[in-house]
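Engineer: First the structure, which I've put down as structure tokens, then a few questions once you've had a look.
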Amino acid sequence: MAFESDLKDVMEAFVSSFDKKTLENNQETYKKIQEIYEKHPNYFLDLIESAYQDFNTIVENVLNIPPSDDQYILEHIISGLYKHFHTQRIEKLEGSVCCYDKSSYIEQMTLKALRTQKNLSLFADYKKVEQIKENKERQAYWSPKTVKDTDEAMGLFWKWYQLSEC
């Protein structure tokens, strides 16, 4: 139990130092947000939500995704929820090894699919990797085995997000 307690103390110290560093590096922003909260404590979260929506609009325009029915997933890509969903799903179905790499690849390919408005395969091999000399056709470690393409990746997310049958 002493080890677990010490480990917890170390982790809390790390988190605390990250929090302190963030506040130190963003003192002016922190003070402005604190003033807004003090002026409007009852509407503060509504203001944050509105600012978040404005931020999403700006990022969506920077990403230059053409309008489509699928563009509404961008909000969840920007927030990190899309990648988190795929990371958790892959970890459960394929194991924890490289699950973050696989979910990052899904996210990257989904953005490409949104830009090109095409359904893209999520199968990747080592044909373009010069360091790999043998078995270049085998599935790459960053390529998920349980999601075949970007349409399926978005569909799985929406089923989960909307609490539909997965």
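The values are calculated or read from the model by the stated rules, or taken from the named source; none is laboratory data. This one's a predicted model, so the numbers in the text were calculated from it and none came from an experiment. Cβ coordinates were reconstructed from backbone atoms using ideal geometry, including for glycine residues, and neighbour counts include every protein chain displayed.
Engineer: When the residues of segment 1-41 are narrowed to those that are outside any helix (DSSP H, G or I) and more than 23 Å from residue 79 (Cα to Cα), which ends up modelled with the lowest pLDDT?
Structural biologist: Result: 1.
Engineer: Applying the selection to segment 80-106, what residues are crowded, with 17+ Cβ neighbours inside 10 Å and not hydroxyl-bearing (Ser, Thr, Tyr)? Quick ask: steps written out before the conclusion?
Structural biologist: To start, the set of residues in segment 80-106 that are crowded, with 17+ Cβ neighbours inside 10 Å comprises 82-83, 85-87, 89-90, 98-99, 102-103, 105-106.
Listed by number, the residues that qualify are 83, 85, 86, 89, 90, 98, 99, 102, 106.
Engineer: With respect to the numbered conditions (1) surrounded by 13 or more Cβ atoms within 10 Å (Cβ to Cβ); (2) modelled with pLDDT of 95 or more; (3) part of a loop (DSSP other than H, G, I, E, B), which one is the sole condition not fulfilled by residue 132?
Structural biologist: (2)
Engineer: Filter segment 69-88 down to residues that are touching a helix residue (DSSP H, G or I) at 6+ places or on another chain (Cβ under 7 Å) and not hydrophobic (A, V, I, L, M, F, W, C) and give me whichever is farthest from residue 152 (Cα to Cα).
Structural biologist: Among them, the one singled out is 75.
Engineer: Then there's this: Of all residues in segment 142-166, which are at pLDDT below 95 and more than 17 Å from residue 72 (Cβ to Cβ)?
Structural biologist: Hits for segment 142-166 are 165, 166.
Engineer: Next up: List the helices (runs of 4 or more DSSP H) that sit entirely inside segment 42-118 and contain at least 2 residues that are modelled with pLDDT under 95, within 18 Å of the chain's Cα centre (by Cα) and not assigned by TED's automatic domain parsing to the domain that holds residue 154.
Structural biologist: 44-63
Engineer: Residue check: is residue 149 in contact with a Ser or Thr (Cβ under 6 Å, 6 or more places away or on another chain) and acidic (Asp, Glu)?
Structural biologist: Working: in contact with a Ser or Thr (Cβ under 6 Å, 6 or more places away or on another chain): yes; acidic (Asp, Glu): yes.
Taking the combined requirement at face value, the residue satisfies it.
Engineer: Which pairs turn up if I take residues in segment 42-60 that are touching a residue at least 40 places away in the same chain (Cβ under 8 Å) and look for partners that are of a type in the set (S, T, N, Q) and in a loop (DSSP other than H, G, I, E, B) with beta carbon separation below 9 Å, at least 6 apart in sequence or on another chain?
Structural biologist: Cβ pairs passing all conditions: none.
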